[in-house]
Structure formats: C-alpha cells, structure tokens
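Structure, as structure tokens:
The values are calculated or read from the model by the stated rules, or taken from the named source; none is laboratory data. Since the structure is predicted, the reported quantities are computational estimates derived from the model, not experimental observations. Every residue, glycine among them, receives a Cβ derived from its backbone with ideal geometry; neighbour counts consider all protein chains shown. Please note that ligands, DNA and RNA were not included when accessible areas were found on the heavy atoms of the full protein model with its side chains. Shrake-Rupley method; radii C 1.70, N 1.55, O 1.52, S 1.80 Å.
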Number of protein chains: 2
Amino acid sequence: MTARTPTDAVRDIPEATVARLPVYLRALTALGDQGITTCSSEALATAAGVNSAKLRKDLSYLGSYGTRGVGYDVDYLRYQIAREIGVTQDWPVVIVGIGNLGHALANFSGFRSRGFRVVALLDADQALHEQQVAGIVVRPFDDLEQIVRENDVAIGVISVPAFAAQDVADRMVAAGISSILNFAPTVLSVPPGVDVRKVDLSIELQILAYHEQRKAHGEPV
Amino acid sequence: MTARTPTDAVRDIPEATVARLPVYLRALTALGDQGITTCSSEALATAAGVNSAKLRKDLSYLGSYGTRGVGYDVDYLRYQIAREIGVTQDWPVVIVGIGNLGHALANFSGFRSRGFRVVALLDADQALHEQQVAGIVVRPFDDLEQIVRENDVAIGVISVPAFAAQDVADRMVAAGISSILNFAPTVLSVPPGVDVRKVDLSIELQILAYHEQRKAHGEPV
DNA sequence: TAGATTGTTAATCGATTAACAATC
DNA sequence: TAGATTGTTAATCGATTAACAATC
C-alpha cells in the first residue's frame, strides 16, 4: 500500500453533487441504451432533469472527462461516474423486514445492474422463515451477525415497523454495518461514522401537500 | 373573500425548512403519545434528529408559538405545524401501479393519520381489476379522470415500471393533478406549476455506497 | 479558421450555526 | 429575583448560476 501524497488526496465532492451523480449515471445508461455514443452537457442535463451549468460544475469535481467543442463520450463518462460512486463492483446488501415493502424491495430488479447484490433477507417472524422471496430464502434476524461477517456486508436496508427499527439499527451497527437505508418512519440514532439515509412516504407527501395548499390559495405559479 | 393585505401575505418558508416540518410534526406526535405536554427546543430537536438552533430558526418562520423560559406546548405546536403544512384535513390521493410496491403503499397504515386518504388504486392490468388491495378495489387506469374529478384529487402516486411512468404522469396532469410522488426510477417532465418529488431506492443506495467507499479507504471518520 | 462546447471563475443566493438579548 | 429558554441577529458556510476564456 502506497502512502497518499497531497496530489492524490481524495477530492472533496460536495454533498449536493454526490446526490446527483447517481442521476447522471442513470441518464448516461439510458442514452447508451438508445445507442447514443456522445452527448453535450446540454443533452445530458436535459436527460437528467438539471440545468447544464450545474451538470458541468458537478462533473468538474470528478475531473476533465469531456472534450471542448465536442461533448462527452457516453460510455467513458458513465464508467468514470460509476467508479467515483463506487459501483463498478457490487456491494452486498441485507434487507431486514420482509413485509409488503420488504417484498417489493427484494423483488426490485435494478439492484444488480446498479451496483448492489442482495445477499440475505431477514425477518424476526418465524412464519416467514424458509419461504422464498424473489428467489432468496428468508432467514431469522439472529443470523445477521453471521451473514454480515461471511459476506462482508457494509450496507443494510431496514423495512420493519417503526417500533422495531432502532433495535434493528443497533444490531446492524454492532454487526459492523456502517451504512443504513431506513424505510421505517422513525429517527434512528447511530454512532458517528455510520451513515443513515431515510426514505419516508409521509414526509414526501406532506411536502407536496404544503405546496399544493399554497397553490390552492391563489398564488401565481 | 377578503383581499390579502401586505401584513397577512403568505410567509415565504425556505424549502429546507418545509422539508423538516413533517419531521417535527412526527416528533411532536410521538412526544404527545408518551404523555409529554411541554418540551424545550432542545428536547424536540433531539427527538427530530436535528440541532436546536436549526429547529428554533425553522419554527421562527411559522410564528412565535413557544414561551421563553418554558418551551413549547406539544399539542399546540403540533396543531400549528399541521396547519402550516396543510394536513389538518385529509388530502385525497390516487395510487397508480399496484405491483409489489403499490401493494406496500396501499397497505401503508399511516396515510389517514398523517393527512392523506387513498381514494383509488389504479392499474392498467385487467387481471388486477376487481381485486381488493388493502380493502380497496383496483380499478382500470382509464378511470383516472373520473376519479380525479369526483374526488377533487390533487396528489397522485406513481408506482408503475419506469417505461410507463411518463405516460401516467401526463395523464395525471391532464386530469388536473398538480402534485406527483414518483417511485419509478425515471425523470418525469411536467409543465410548470406541477410539483414532482421522487423516491428512488438505487439513488439512495448509491449515495451510501459513495460514502462507504471512502470509509473503506482509510479516511478518519 | 469558424463554430461549438467544456471547465472555471466570480457573483449571488440560500442554509446553517453560534451567540445572546428578550422575556417568561 | 434568578434561572431557563425562546426568537432573532449576524457571521459563516455551501450551493447555484451566468458568463466566458480555453480549447477542441
């Protein structure tokens, strides 16, 4: 292992940019699927739903992967972004909580192509054990530690009811998971160094309702 | 209807604050359920997972609903936030696409208590019609316009595959829906005045992967 | 060379934070 | 009154945007 010199220090990519890189990655994949091999920042920005100034600024944090006067090579830029995000190889993922939502997540077909691989489905409910969901056998929640160890799992998905989510998170952290995607409508507390992102239906709907309410009261749009 | 004077002009609440109001609402509900009637900004901030300076700043956009030296009345603040968001009454919602995810959404029990009411489940697949999901009969997608008209629906949820999402969005907009929650992994284009929020599993996981990758390379946390 | 488009700069805008005066 | 806690100010930080020099 070589020492890191100032020159190859990890570039500090702004969080807002990090959140958009996956969107660009998807847009590039879509363009590639259409047989498009080169695109301008304007075209890619449109496909990604942002403006081109923002796109170019975002890409500038990664390096100079375009050609002035020409644009970007779709496949090349796609690879560079995938490498920056870290999805050129698959990340093993465990899903805990195989209710309606867990089912939907397990059946989500895009995992593999987008850099993830579901290595286990876990649920505390014995009635579910040995059942297959999306071709994977549901196992007891207590198998968590073993699965994390054997598969080097760093990312966990929580789709249990709110009351159980903190316990699941604690067990995940104890087992060595350091990134959690939480679908339970509750605030998780985790130690420093563990990342939590949440996906919350009610919150999204309420944000829409706020704006909808204002529209209804006659403001110009 | 009285004219709006400069004094009662609609306050302009920053978008970042709007996105946190639902979190505060939920935290207040949880505190109330625990029998807590008064709380400080510090206590509420902890329950909501933010720092207290941000919480107080956020609340200041709504008005002065606390008491210096004392804190906030939980029920009173809860009501004021609910009123500001616009969820003191229920918003009618339609869900289009009753696959795995649509099932999970339809079965989500928190709709009613959080300001929403599912008035219809729609799917283009005839095989699903007349089936009941979460006690609601699945109807043909072509019933959309009628349902929106009869129930005054302003908010639509899209849980169809990516390739069908733009069509669904177009039909929703044409029918008069002006707020869309999109679970399909695709960029929707909609006319000005229509709000779209997206929930995207792959994007969330990729954001986690980016940070996870950096942790793995030995940066201090 | 002329036209096109990137990558970067600098200005602007919005969000966060700490500190504290106001006030219960 | 003394202690506690809000609501607001002002400084800082980060994100967005437009414009354009660099360069294919």
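Compute the relative contact order of segment A:1-132 as a whole-number percentage, counting only Cα pairs closer than 8 Å that sit 6 or more residues apart in sequence. Working shown, then result.
On the way: 118 pairs, mean separation 27.0, N = 132.
For segment A:1-132, the relative contact order is 20 percent.
Below 30 Å Cα-Cα, how many Lys pairs turn up in the protein assembly as shown? Only count pairs eight or more apart in sequence, or on different chains, if you could. Number of lysine pairs found: 22. Less than 5 angstrom separates the built amide H of residue A:91 from those of A:116, A:117, all sequence-distant by 5 or more or on a different chain. Restricting the trypsin sites (Lys or Arg not before Pro) of segment B:24-85 to loop positions (DSSP other than H, G, I, E, B) with no more than 14 neighbouring Cβ atoms within 10 Å leaves B:68.
Whenever you get a sec, compute what percent of the accessible area on chain A sits on carbon and sulfur atoms (1.4 Å probe).
Values: 5400 of 10840 Å².
So the carbon and sulfur contribution to the accessible surface is 50 percent.
Its alpha carbons considered, segment A:14-85 gives a radius of gyration followed by a Dmax of 10.7, 31 Å. Taking all Cα pairs closer than 8 Å and separated by 6 or more residues, the relative contact order of segment B:91-203 comes to 24 percent.
In this Cβ point-charge picture (+1 for Lys and Arg, -1 for Asp and Glu), segment B:91-203 has a dipole of about 460 debye about its Cα centre. Across the copies of the chain, residue A:147 has label points (7 Å from Cα along Cα→Cβ) spaced 3.4 nm apart, shortest distance listed first. With R₀ set to 25 Å, the beta-carbon distance separating residue B:124 from residue B:189 gives a calculated FRET efficiency near 0.75.
Counting only DSSP beta bridges whose two residues both lie in the protein assembly as shown, roughly 20 percent are antiparallel.
Normalised by the number of residues in chain A, what is the relative contact order in percent for Cα pairs under 8 Å and 6+ residues apart? Write out the running numbers ahead of the final one.
Values: 291 pairs, mean separation 27.9, N = 221.
Answer for chain A is 13 percent.
So, for the protein assembly as shown, what is the accessible surface per residue at a probe of 1.4 Å, expressed in square angstrom? Can you show the working numbers first?
On the way: 21690 Å² over 442 residues.
Result: 49 Å² per residue.
What the pair-distance distribution of chain B shows, using all Cα-Cα distances binned every 5 Å from zero, is 1, 6, 12, 14, 14, 14, 13, 12, 9, 4, 1, 0, 0 percent.
Working from the alpha-carbon coordinates of the protein assembly as shown, get Rg over Rh, Rh being the Kirkwood radius. Could the numbers behind the result be given before it?
Working: Rg = 22.8 Å, Rh = 23.7 Å.
Ratio value, two decimals: 0.96.
So what does log10 I(q)/I(0) come out to for segment A:177-218 at q = 0.20, 0.32 Å⁻¹, using the Debye formula with one equal point on every Cα and no solvent? Log-scaled intensity ratios, in q order: -0.67, -1.05. For chain B, the longest principal axis of the Cα atoms and the long axis of helix B:74-85 meet at an angle of about 50 degrees. When the protein assembly as shown is described by a simple charge dipole with +1 on each Lys and Arg Cβ and -1 on each Asp and Glu Cβ, the residue from B:34, A:94, B:102 located farthest towards its positive end is B:34.
Charges only on Cβ, +1 for Lys and Arg, -1 for Asp and Glu: so what's the dipole of chain A about the Cα centre, in debye to the nearest 20? Walk me through the numbers before you get to the answer.
On the way: 20 positive and 25 negative charges, 174 e Å.
Around 840 debye, computed over chain A.
The mean count of C-beta atoms from other chains within 10 Å of the C-beta of residues in A:191-203, rounded to a whole number, is 5. Normalising by residue count, segment A:69-186 has a Cα convex hull of 122 Å³ per residue. Along segment B:90-106 the Karplus relation, 6.51 cos²θ - 1.76 cosθ + 1.60 evaluated at θ = phi - 60°, assigns HN-Hα couplings of 7, 8, x, 10, 10, 10, 10, x, 10, x, 4, 5, x, 4, 4, 5, 4 Hz to successive residues, with x for each Gly and Pro. Using θ = phi - 60° in the Karplus curve 6.51 cos²θ - 1.76 cosθ + 1.60, the 3J(HN,Hα) couplings for segment A:135-147 round to x, 10, 6, 6, 10, x, 4, 5, 7, 3, 4, 4, 5 Hz; x is entered for Gly and Pro.
For residue B:53, the distances from its label point to the matching points in the remaining copies are 2.9 nm, ordered from shortest, with each point set 7 Å beyond Cα toward Cβ. A point 7 Å from Cα along Cα→Cβ stands in for residue B:36, and the other copies hold the same point at 5.0 nm, listed in rising order. Taking 7 Å steps out from each Cα toward its Cβ at residue B:142 and residue A:142 produces label points 5.5 nm apart. The residue list B:140, A:120, A:16 was ranked by how far each Cα lies along the charge dipole of the protein assembly as shown toward its positive end, using unit charges on Cβ atoms, and A:16 comes out on top.
Evaluate 2.2 N^0.38 Å with N set to the residue count of segment A:142-221, then give the Cα radius of gyration divided by it.
Details: Rg = 17.4 Å, N = 80, 2.2 N^0.38 = 11.6 Å.
Output field value: 1.50.
Could you compute the net charge surrounding residue B:129? Neighbours are other residues with a C-beta less than 11 Å from the C-beta of residue B:129; K and R count +1, D and E count -1. The answer is -4. About the centre of its Cα atoms, the protein assembly as shown shows a dipole size close to 1160 debye [charges on the beta carbon of Lys, Arg (+1) and Asp, Glu (-1) only; nearest 20 debye].
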